[in-house]
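*Asks:* Can you read through this structure? Questions will come right after.
The values are calculated or read from the model by the stated rules, or taken from the named source; none is laboratory data. Bear in mind that the values here come from a model prediction, so they are computed numbers and not experimental data. As a convention, Cβ positions derive from the backbone with ideal geometry for all residues, glycine included, and neighbour counts pool all protein chains shown.
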Amino acid sequence: MSHNTIHYNAKANAMRRNMTPAEVVVWQYLRRKALGVYFRRQCPVGEYILDFYSSDIKLCIELDGDVHSSSSAFEYDERRTDYLNSLGITVLRYDNSVVFNNIDAILDSISSLVKNPRFIKGDCRNAILT
């Protein structure tokens, strides 16, 4: 196991112990295959740690707080999304305010992808819903 792998695994473990309030809310709906697929929280992929990730269907769910509104954070998020898309991973991004004000909309959009046979087969891998 490389030094970087150990570093990212340790960082992910620390992040799991210190989830944001929005992550705690979403995790309650994703855990234990509640939507029909298995999700991991704070999952290392390459040099990034994904908020939630289902390797079964290559779906990443990211929650964006205030820190994501700066131009440098936006550029970082774009690079990260491009990298994940290059691996065949679809990225869904949601603002934290939506988590607290309209969690049903988030769950509906995730459920619609999880239940879509075209998505499961990889035919619409680059779809990004907000």
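*Asks:* Only one residue in 113, 107, 50, 87 is of a type outside the set (Gly, Ala, Ser) and under 11 Å from the mean Cα position of the chain (by Cα), so which one is that? Show your work before the answer.
*Replies:* Numbers: 113 fails: under 11 Å from the mean Cα position of the chain (by Cα); 107 fails: under 11 Å from the mean Cα position of the chain (by Cα); 87 fails: under 11 Å from the mean Cα position of the chain (by Cα).
One residue alone meets the criteria, 50.
*Asks:* Could you tell me how many of the residues in region 48-73 are farther than 21 Å from residue 109 by Cβ and in contact with a helix residue (DSSP H, G or I) (Cβ under 7 Å, 6 or more places away or on another chain)?
*Replies:* So the answer is 4.
*Asks:* Under 6 Å between Cβ atoms, at least 6 apart or on separate chains: pull out the pairs that start in region 78-89 with a residue that is free of Cβ contacts under 8 Å to residues at least 60 places away in the same chain and within 15 Å of residue 43 (Cβ to Cβ) and end on any residue that is of a type in the set (Ser, Thr, Tyr) and surrounded by 10 or more Cβ atoms within 10 Å (Cβ to Cβ).
*Replies:* Short answer, once both residue conditions are applied: 80/48.
*Asks:* If you take the residues of region 50-71 that are of a type in the set (Ser, Thr, Tyr) and not in a strand (DSSP E or B), which of them is modelled with the highest pLDDT? Steps first, please.
*Replies:* At the first step, the residues of region 50-71 found to be of a type in the set (Ser, Thr, Tyr) are 53-55, 69-71.
Still in the running and not in a strand (DSSP E or B): 55, 69-71.
Details: 55: 92, 69: 63, 70: 68, 71: 75.
Among those that are of a type in the set (Ser, Thr, Tyr) and not in a strand (DSSP E or B), it is 55.
*Asks:* What tally of residues in region 73-100 results from selecting those that are farther than 18 Å from residue 53 by Cα and loosely packed, with under 15 Cβ neighbours inside 10 Å?
*Replies:* Of the residues in region 73-100, the ones farther than 18 Å from residue 53 by Cα are 73-76, 97-98, 100.
Going one step further and asking which of them are loosely packed, with under 15 Cβ neighbours inside 10 Å, we end up with 73-76, 97, 100.
Qualifying residue count, region 73-100: 6.
*Asks:* If you don't mind, there's one more thing I want to ask. List every residue pair whose Cβ atoms lie under 8 Å apart, where the two residues are 6 or more positions apart in sequence or sit on different chains, the first residue falls within region 41-62 and is over 22 Å from residue 99 (Cα atoms), and the second residue, located anywhere, is of a type in the set (A, V, I, L, M) and in a strand (DSSP E or B).
*Replies:* Final answer for the pair search is 44/50.
*Asks:* Taking region 72-130 only, how many residues are aliphatic (A, V, I, L, M), in a helix (DSSP H, G or I) and at pLDDT 90 or above? Step through it out loud before you land on a result.
*Replies:* So in region 72-130, the residues aliphatic (A, V, I, L, M) come out as 73, 84, 87, 89, 91-92, 98-99, 103, 105-107, 110, 113-114, 120, 127-129.
Adding the requirement that they be in a helix (DSSP H, G or I) leaves 73, 84, 98-99, 103, 105-107, 110, 113-114, 120.
If we keep only those that are at pLDDT 90 or above as well, we get 84, 98-99, 103, 105-107, 110.
Summing the residues that are aliphatic (A, V, I, L, M), in a helix (DSSP H, G or I) and at pLDDT 90 or above in region 72-130 gives 8.
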